[in-house]
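Heads up, the thing below is written out as structure tokens.
Just so it is clear, none of the values below were taken in a lab; they were calculated from the coordinates. All of these numbers come straight from a predicted model, not from anything done at the bench. Cβ atoms come from the backbone with ideal geometry, glycine included; neighbour counts cover every protein chain shown.
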Amino acid sequence: MTVFGTRPEVIKMGPVVAEIEKYPDILQSIIVSTGQHRQMLDQVLKIFNLRPHYDLDIMRSSQSLAQIVNRSLHGLETVIAREKPDLLLVQGDTSTVFAAALAAFYARVPVGHVEAGLRTGDRTRPFPEEINRRLAGVLADLHFAPTLRSVQNLMAEGYSRHNIFLTGNTVIDSLIEVTKREFDLADAGINLVPGKKTILVTVHRRESLGEPMRNICQAIKAVALKYSDSVQVVLPVHKNPAVRQVVREVLAGTGNISLIEPLDYEPFIHLMKASYLILTDSGGVQEEAPSLGKPVLVLREKTERPEAVEAGAVKLVGVSEYAIFQQTSDLLDNKDNYRAMIKPINPYGDGLASQRIVKVILRHFGFIDKKPEEFAVK
Ligand code: UD1
Ligand code: UDP
């Protein structure tokens, strides 16, 4: 049973489900959506051709964390009791992930945690994801760690090496699949002004809601005004009403800033490819952009994805208006500093993560007897 609830979970679990479904004689795939997201989830289900067997449809406007967990736990208890899965898979660090892992644990169903072991080491950043991911780790039997760093984090917390599998991140499996196909941005209603540099922005973190998000938006506005002749900013606005309110208040009406609806995955990736620079607080975008050779300024104080920062392709700039304005201006003005950040690197995966995860699952059920080292990331 695979469970997901939000946009990034579908993008990263989609290729795992597709791989599971390659073994219909020995694995039965049951797909459950909590529906923590609605429109943003449905958008990405299409591209992965996923049709959940169960949709708990829990989303409410401006839902609280306790409401997400409460409704998910309640719905999942019933679904798990009916289907009696032999293994339940979750992906990442959302409240759906924590609730599903807990529901499985209560029903004595083993849990596999995809994208295990990422840590900032700060309980409140990202909030509540750092704790969601740690709790999912405590509840999990199989830990699918994307990088060596995440393996080490889990080992440092005392998890047995035998239950940790270095797989790479499935986000790269999806990215490779989508970038294979040509895509015309105009078909998604995006008409970039030729000759202008495009800055792509996404923001949504709960710990930034309020003042930090206002600072981020003010910095973006200042950049847009300073470089009004040479830069265009495109910001697909997250559906969270608390995000929308600030973004609209500060940025609406600035000529070279386009506030657009969240994009389907395929146009979004192609917009990343067409961009000069990306400013984001997203986890997934931090992983995708380095593979596309696009510099990223991370609008957060801490990241659980230090690999690309250490490689020099991503910079952590925080949430102060001045720092964001300065760093963005620097990458627009200083060609050498910009070039130094263009390093097409793949610290997060090689496109084979889903295959590795499913091999571990086949081995877990006794269908293959290879040692995990034989199919781990080399
Ligand atoms: C959630 C995850 C976060 C992840 C993000 C991906 C938690 C606590 N947070 O944050 O880790 O990075 O998803 O985007 O699990 N809304 C809609 N339509 C949608 C989606 C959201 O209207 O399709 C609105 C609703 O009013 C909802 C609000 O956005 O109440 C917040 O959604 P929620 O899932 O609670 O949190 P996110 O900020 O999206
Ligand atoms: N994404 C998308 N459309 C958008 C913005 C982002 O498809 O308009 C994709 C992006 O490519 C990445 C994922 O959504 O794979 C990231 O989701 P988000 O930033 O909402 O969540 P996070 O990764 O921070 O949990």
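Note: relative contact order over segment 1-96, using C-alpha pairs below 8 Å and six or more positions apart, is 38 percent.
Taking the average, over residues, of other Cβ atoms within 10 Å as the packing measure, peptides 295-306, 88-99, 265-276 rank 88-99, 295-306, 265-276 from highest down. Here is the list for segment 138-231: trypsin sites (Lys or Arg not before Pro) lying in DSSP coil, each with at most 14 other C-beta atoms within 10 angstrom of its C-beta, are LYS180, ARG181.
Rounded to the nearest 20 debye, what is the charge dipole size of segment 26-87 about its Cα centre when +1 sits on each Lys and Arg Cβ and -1 on each Asp and Glu Cβ? Please list the in-between numbers first.
On the way: 7 positive and 6 negative charges, 27 e Å.
Roughly 140 debye, rounded to the nearest 20.
Counting only Cα atoms, segment 12-90 measures 41, 30, 16 Å along its principal axes, largest extent leading.
In degrees between 0 and 90, to the nearest 10, how far off the longest principal axis of the chain does helix 7-20 point, with axes built from Cα atoms? With both axes taken from Cα atoms, the answer is about 40 degrees.
Based solely on its DSSP helices, what 222 nm [θ] is calculated for the chain when runs of n ≥ 4 H residues each add -39,500 (n - 2.57) and the sum is averaged over all residues, nearest 500 deg cm²/dmol?
On the way: 15 runs with 167 residues, N = 378.
Result for the chain, helices only: -13500 deg cm²/dmol.
For the chain, what does the relative contact order come out to in percent, with C-alpha contacts under 8 Å and a separation of six or more?
Numbers: 715 pairs, mean separation 59.0, N = 378.
The value is 16 percent.
Run the Debye formula on the Cα coordinates of segment 243-368, all scatterers equal and no solvent, and tell me log10 I(q)/I(0) at q = 0.09 1/Å. Each listed q maps to, in turn, -0.34. Evaluated at q = 0.17 Å⁻¹, a Debye calculation over the C-alpha positions of segment 55-211 (equal weights, vacuum) places log10 I(q)/I(0) at -1.09. The overall shape of segment 302-345, judged from the alpha-carbon gyration tensor, is oblate: a/c is not under 1.5, and a/b is no greater than b/c. Note on the chain: dipole from Cβ charges, positive end direction compared against GLN327, VAL358, ALA107; the farthest Cα belongs to GLN327. Derived from the Cα gyration tensor, the three semi-axes of the equivalent ellipsoid of the chain are 35, 22, 19 Å, largest first. Looking at the square roots a ≥ b ≥ c of the eigenvalues of the Cα gyration tensor of segment 191-281, which shape do they give, rounded for a/c under 1.5, prolate if a/b is larger than b/c, or oblate? Verdict is oblate for segment 191-281. Comparing PRO241, ALA219, VAL231 along the charge dipole axis of segment 203-244, the residue lying farthest to the positive side is PRO241, per the Cβ-charge model. For segment 173-249, applying the loop criterion from DSSP together with a ceiling of 15 other beta carbons within 10 Å to the GluC sites (Glu not before Pro) yields GLU182.
Relative to the Cα centre, the charge distribution of segment 227-338, modelled as +1 at Lys and Arg Cβ and -1 at Asp and Glu Cβ, gives a dipole magnitude of about 160 debye.
With the contact rule set at Cα under 8 Å and sequence spacing of 6 or more, what percent relative contact order holds for segment 47-146? All intermediate terms of the calculation are to be shown ahead of the outcome.
Values: 145 pairs, mean separation 25.0, N = 100.
Rounded, it is 25 percent for segment 47-146.
Taking the empirical scaling 2.2 N^0.38 Å for compact globular proteins as reference, segment 197-250 has a Cα radius of gyration ratio of 1.12.
Classify segment 31-74 from the C-alpha gyration tensor, please: rounded if a/c falls under 1.5, else prolate or oblate depending on whether a/b exceeds b/c. Walk me through the numbers on the way to the answer.
Working: a/c = 3.48, a/b = 1.64, b/c = 2.12.
Oblate, because a/c is 1.5 or more while a/b does not exceed b/c.
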